[in-house]
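The values are calculated or read from the model by the stated rules, or taken from the named source; none is laboratory data. These numbers come from a predicted model, not from an experiment. Methodologically, a virtual Cβ is constructed for each residue, glycine included, from the backbone with ideal geometry; neighbour enumeration extends over all protein chains shown.
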């Protein structure tokens, strides 16, 4: 144990770390990437299995046969919606009541911080309609939710139809032990957010909404449904929620088992399941799915209205009906039966879903990687930062032994406040200054926000020339000119390692993605050598550039590659969406990047241009 | 006169002594026989039936216990002698699509909940403490009679347990468990407190054999559904109810018990054969080393029923070949031992019935009992696979037609192109 306390050994170890630092760093980085790539191969990726006893098998009888009814409901709904131009609240109320539900409505309104150009909305007001099916022989202490988010366009009519037909069918069964809430929200996720906030009696996003008149106990699980055609060729399941939260793996297992039972074609990230995991093809296909999942999870967006339920620790997922050019199609009865089976099994639940994994990666619908197996990948990447920091610390220590400086170098702490201030500006100014910007420049509010964002981001790059000048005299005057930037880099490395470590714990995908890009250049950054090359590398691996690169990679993996112009447009839209989602749903990616990682990255930029 | 008198007296004394000695030999012989008739030596039967699992997905454990309850009740143990412990109420669970029923067979063929079920300990009352208190009789004075095991040293007790277990323990509810050592000690206490004559212990749980391996008290016979390291498996999946209805071992035990009636001569060895590995998947185990009697002499009804040793016969019974010895010995026996008389007066008539029964079974019709479900039929009926095939002649004819058409069209000279 005396490895570090014994001075001789300690010196030997120090020498080892100093001499072999570069190879060790490279080795560690390569090991991290290799570990991640290896995650898709069978010893590391395991077959999913149902852990929850209460949902043990698919042994329930699906009796749903209301396909015609669902189509009729969907037709009526679409007609009424077209006529009124909004959600046909009165019709929905009437229909829900006619199938025997307890019906309530909730109105909400929200003024977005700036106009949302993707969804074309700014001042939003709408009404949610929900019907509660009371469990006949149980107290209303627990509930399940089936929700259909309705946007402004005319999609999801079939989902509403199926929801109503299922409600009618469920009403006829006597075995419900939990209330079932059938929720149709307007303005898709905004309505869901309003309903959830009112249901849990909190207000986290500044939504104005009327209180809920009817409640149904704690929500145990929720399924969101998106269907826009009478027949589907496959069902796609989305699990990634707000801030990269995932539902309990058992819920996905449940969906998967009913897919298999009903013979449905089910996809994850729009990708089919590889059959054969023993050869190379299966894992390679799995890698695509895995990368897509990492990108979607890292984005921190709620990919479907289920994503908002996850914040309230309600296990939820979204099922999307896909109608492609495949030959074999399934009608609404098949989808309805899968849903009925899932709800009947969820009804058997006695506790919250807690037996299976909450943190996992999915290379396929029936394969998963548990947290214990994927964390080493990011661990190896962060080890690079640690090794580099150790080297710097030792170098500083050795230099410090030689000549004592009573005054010390105040250098490292100097660029810190301006960087943090830049981050703060990046976080606050775009939204705050949008009206000023629109007055002075011929742009719309949404554009103004995005352009201000980019402008402030770019302005941060000019920072070193202003901050390091006053202190350069002092630092140069000392006999160890390198000490200043070394100390600053040491601080920056530790800062980055801490941030990435924390992010990786809560959202592995984001942490890994940022570590992959930021770690090598952060380790390389120094004011000597090919500075332009370093600068170019550093810009390429900055958070914004990572976002741009991720967008290209994402579309590439979806087999819909982007052209440069499209990519740029998408990038601007993604920036606006990122800011909007922070304000409307409380997504944390924007504040995390602007207040945490961007200032940290600026520190490395400062190191690079140290004089 | 006095001499002759004394002589005659001496002779009578001698005769009496002789008779006495002969009588005692004969008496011990008949005592053995009588003992054999009273093979078990018990005068009353008790049953403690325990289901230790809560929750809807453990429906099968409740059904297990209720099926044993149904059997022992059908075979004559009254509710007052049954302590039924059910950790959950499946019949009234809101998830039950058929309220007020607990089925043991698929397609709702056998409702083991029946019309009158007296549950003595229910839901959270089913604890290790309560179970041990019931066994050992250390119960608060306020406890009602129905919740007590009021057995004595002439009681045969059936203890049936089911639930989730592991190596050396059985889980009670979700919070506690009983270990095999605790159980063995409880049985020893029962023995020392003279609370049983013989005890039959049956457990249906994973690694069930581990539960009886620590027993050390006499007169215990034990059965388990699986060996150490094995899982006990469920049976009878029912999609309408949405759960498994029974466990395999108890399912086949029930099937076996349904064939038993109070007059059955089936013995314990038959019970040991129930549910072989091919059916059970697990290997049922049993332990008889603590038991004094040979299991083949132990009737199933010694534990599962409350059978009086009385048989009413409609025919007069002829005593068989060794009847003279018996008859003579009976006299002596009556003369000598009044204490035995009581036993014999009860025991003899039915003893002869028993002999008769063994000798020519055709003479005596087995008693018919009303409302016996043909469980064996229910179990063994399997959906028959119907794959329709066209008859062979039709296919043959079709081929002949094809060949005929071929030759008609091309003639024989084209044969070389084929071969």
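Points to keep in mind about this one:
- The range B:160-183, residues that are out of contact with any helix residue (DSSP H, G or I) (no Cβ under 8 Å at 6 or more places or on another chain) and farther than 11 Å from residue B:205 by Cβ: B:174, B:175, B:179, B:181
- Of B:145, B:154, all but one fail to be touching a strand residue (DSSP E or B) at 6+ places or on another chain (Cβ under 9 Å), surrounded by fewer than 18 Cβ atoms within 10 Å (Cβ to Cβ), away from chain A (no Cβ under 14 Å) and at pLDDT below 90; the exception is B:154.
- Scan of the range B:71-93 for residues that are in contact with a helix residue (DSSP H, G or I) (Cβ under 9 Å, 6 or more places away or on another chain) and within 14 Å of another protein chain (Cβ to nearest Cβ), ordered by number: B:87, B:88, B:89, B:90, B:91, B:93
- Residue A:122 surrounded by fewer than 17 Cβ atoms within 10 Å (Cβ to Cβ), in contact with a strand residue (DSSP E or B) (Cβ under 7 Å, 6 or more places away or on another chain) and either at pLDDT below 90 or more than 14 Å from chain B (Cβ to nearest Cβ) (or both): yes
- Candidates in the range A:56-70 are the residues that are more than 34 Å from the chain's Cα centre (by Cα) and closer than 15 Å to residue A:95 by Cβ; of these, the one that is nearest to the other protein chains (Cβ to nearest Cβ) is A:66.
- Of the listed requirements (1) in contact (Cβ under 8 Å) with a residue 12 or more places away in the chain; (2) more than 14 Å from chain B (Cβ to nearest Cβ); (3) in a loop (DSSP other than H, G, I, E, B), residue A:43 misses just one: (1).
- Of all the listed residues (A:100, A:131), the sole one being more than 14 Å from chain B (Cβ to nearest Cβ), on the phi > 0 side of the Ramachandran plot and in contact (Cβ under 8 Å) with a residue 40 or more places away in the chain is A:100.
- For the range B:137-148, the criterion of being assigned to a strand (DSSP E or B) and in contact (Cβ under 8 Å) with a residue 60 or more places away in the chain is satisfied by no residue at all.
- Residue in the range B:184-202 that is crowded, with 24+ Cβ neighbours inside 10 Å, closer than 23 Å to residue B:55 by Cα and in contact with a strand residue (DSSP E or B) (Cβ under 6 Å, 6 or more places away or on another chain) present: yes
- Residue check for residue A:357: more than 28 Å from residue A:60 (Cα to Cα), surrounded by fewer than 22 Cβ atoms within 10 Å (Cβ to Cβ) and more than 14 Å from chain B (Cβ to nearest Cβ): no
- Some residue of the range B:96-104 being in a loop (DSSP other than H, G, I, E, B), buried (at least 23 other Cβ atoms within 10 Å of the Cβ) and within 14 Å of chain A (Cβ to nearest Cβ): yes
- The range A:138-163 - residue that is at pLDDT 90 or above and within 14 Å of chain B (Cβ to nearest Cβ) and, of those, surrounded by the fewest Cβ atoms within 10 Å (Cβ to Cβ): A:141
- Any chance residue A:122 is under 30 Å from residue A:585 (Cα atoms), within 32 Å of the chain's Cα centre (by Cα) and free of Cβ contacts under 8 Å to residues at least 40 places away in the same chain: yes
- Filter result for residue A:77 (away from chain B (no Cβ under 14 Å) and not in a helix (DSSP H, G or I)): no
- Subset tally (residues that are within 20 Å of residue A:141 (Cβ to Cβ) and within 21 Å of the chain's Cα centre (by Cα)) for the range A:196-216: 1
- The set of residues from the range B:101-130 being within 18 Å of residue B:54 (Cα to Cα) and out of contact with any strand residue (DSSP E or B) (no Cβ under 9 Å at 6 or more places or on another chain) comprises just one member, B:124.
- Only one entry in A:519, A:491 is under 24 Å from residue A:290 (Cα atoms) and in a helix (DSSP H, G or I), namely A:519.
- Residues (away from chain A (no Cβ under 14 Å), in a loop (DSSP other than H, G, I, E, B) and either surrounded by fewer than 23 Cβ atoms within 10 Å (Cβ to Cβ) or over 20 Å from the mean Cα position of the chain (by Cα) (or both)) located in the range B:228-257: B:228, B:229, B:230
- Selection within the range B:157-179 - in contact with a strand residue (DSSP E or B) (Cβ under 7 Å, 6 or more places away or on another chain) and surrounded by fewer than 23 Cβ atoms within 10 Å (Cβ to Cβ): B:164, B:168, B:169, B:171, B:177, B:179
- Matching residues in the range B:210-227 - criterion: being farther than 13 Å from residue B:288 by Cβ and either surrounded by 24 or more Cβ atoms within 10 Å (Cβ to Cβ) or under 17 Å from the mean Cα position of the chain (by Cα) (or both): B:210, B:211, B:225, B:226
- When the residues of the range B:85-95 are filtered to those that are assigned to a loop (DSSP other than H, G, I, E, B) and in contact (Cβ under 8 Å) with a residue 40 or more places away in the chain, the one that is farthest from residue A:350 (Cα to Cα) is B:87.
- Residue within the range A:134-142 that is within 20 Å of residue A:305 (Cα to Cα) and not in a helix (DSSP H, G or I) present: no
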